[in-house]
Amino acid sequence: MSDKFQTPTQLQEKKALEELNLHSLPTQVELQKMIEELVSQMETQFEDVASQINKKMEDMDTRITELEKGIGNLLDQASTEVDQ
């Protein structure tokens, strides 16, 4: 069917299918599989981001602990110098 005999809705569907590299509308099973794959990809990406955030928080915790120790040492030195 040529484009000039298609309704606007049919033209929109054709354009959407072309953008998705599909030749026809997916069946319910195909659509379900596509959605499951998308959800799986999103879960993987979420887990990766969560892991990166946790690692950065652990690194920050280590740095803060070292900073607290350093400040404690400086305070100890300062109080020792004042006492002398």
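Based on this model, can you work out whether LEU17 counts as assigned to a helix (DSSP H, G or I) and either touching an Asp or Glu at 6+ places or on another chain (Cβ under 9 Å) or free of Cβ contacts under 8 Å to residues at least 40 places away in the same chain (or both)?
The answer is yes for LEU17.
Which members of the stretch 21-48 meet the condition of being loosely packed, with under 10 Cβ neighbours inside 10 Å and aliphatic (A, V, I, L, M)?
Answer for the stretch 21-48, where residues must be loosely packed, with under 10 Cβ neighbours inside 10 Å and aliphatic (A, V, I, L, M): just VAL29.
Could you please let me know if LEU67 is surrounded by 10 or more Cβ atoms within 10 Å (Cβ to Cβ) and at pLDDT below 95?
Details: surrounded by 10 or more Cβ atoms within 10 Å (Cβ to Cβ): yes; at pLDDT below 95: no.
Taking the combined requirement at face value, the residue does not satisfy it.
The values are calculated or read from the model by the stated rules, or taken from the named source; none is laboratory data. The structure presented is a predicted model; accordingly, all values stated were derived computationally and were not measured. Cβ coordinates were reconstructed from backbone atoms using ideal geometry, including for glycine residues, and neighbour counts include every protein chain displayed.
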